[in-house]
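The values are calculated or read from the model by the stated rules, or taken from the named source; none is laboratory data. None of these values were measured; they are calculated from a predicted model. Note that each Cβ is placed from the backbone with ideal geometry, even for glycine, and that neighbours are counted across all protein chains shown.
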Amino acid sequence: MAFQLESEVVWRALEKELFAVLGMVTAKDEARTVGIVYVTHEKKIYIASGKTTWKMRHVATNPNVSLTVTIPKRIPLMPFIKIPAATITFAGKARILEVADISDAVTKSLLRGLDLESEEVKNMAVMEIEPVGNFVTYGVGVPMMTMRHPEEARGRAPVA
């Protein structure tokens with residue numbers, strides 16, 4: 001049985017990472033995943049990509065997505081010992097926005113200094129994901145040794 005985590009513990013872990021796997025459904029109802037770079041802001045996830053990329057097109061058609069964030073684990077001074085990554089997985093509702101529609105704080109963090117007047121940025125869209133339901137975790141908020149026991153390392157936290 002999963003132990004109950006505080007949602008703030010999960011949000012702090014999400015804020016420290018930048019890579020995730022986005023799950024979506026195509027217009028033909030086929031499951032697809034893609035690696036993405038993200039930022040968090042006010043309990044939402046933001047992803048920038050070209051307006052015509054398949055991830056933007058699929059999500060525009062079906063806004064139901066999932067996101068899995070992996071959190072690497074290492075033993076200091078013994079990196080040769082392999083340890084599974086901790087994970088945070090959740091479902092969310094996505095919407096596609098223009099770069100001009102997001103806050104300056106998100107723009108600065110997400111676009112990391114790109115010239116807002118460049119063609120590259122003009123051809124971008126931003127996906128905003130609002131998590132729904134619960135975060136499902138493995139190895140988050142537990143000591144590393146506890147990860148050897150999956151039933152003790154699994155957690156759940158409300159999104160809000």
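Looking only at residues of region 80-99 that are in contact with a Ser or Thr (Cβ under 9 Å, 6 or more places away or on another chain) and of a type in the set (A, V, I, L, M, F, W, C), we find that the one that is surrounded by the most Cβ atoms within 10 Å (Cβ to Cβ) is ILE88. Might you check whether a residue that is of a type in the set (Gly, Ala, Ser) and over 21 Å from THR87 (Cβ atoms) occurs anywhere in region 35-42? There is no residue in region 35-42 that is of a type in the set (Gly, Ala, Ser) and over 21 Å from THR87 (Cβ atoms). Working carefully through the options LYS93, LYS51, LYS82, LYS55, find the one that is basic (Lys, Arg) and under 21 Å from ALA157 (Cα atoms). Answer to the check: LYS93. ALA91 meets the conditions (1) part of a strand (DSSP E or B); (2) out of contact with any Pro (no Cβ under 8 Å at 6 or more places or on another chain); (3) among the hydrophobic types (A, V, I, L, M, F, W, C); (4) under 29 Å from MET144 (Cβ atoms) in every case but one. The failed one is (2). Of everything in region 1-34 that is of a type in the set (Val, Ile, Thr) and farther than 21 Å from ALA86 by Cα, the residue that is modelled with the lowest pLDDT is THR26.
Taking (1) under 17 Å from the mean Cα position of the chain (by Cα); (2) small (Gly, Ala, Ser); (3) under 21 Å from PHE3 (Cα atoms) in turn, GLY92 satisfies each apart from (3). Please verify whether region 62-69 includes one or more residues that are out of contact with any strand residue (DSSP E or B) (no Cβ under 6 Å at 6 or more places or on another chain) and at pLDDT 95 or above. Yes, because at least one residue in region 62-69 is out of contact with any strand residue (DSSP E or B) (no Cβ under 6 Å at 6 or more places or on another chain) and at pLDDT 95 or above.
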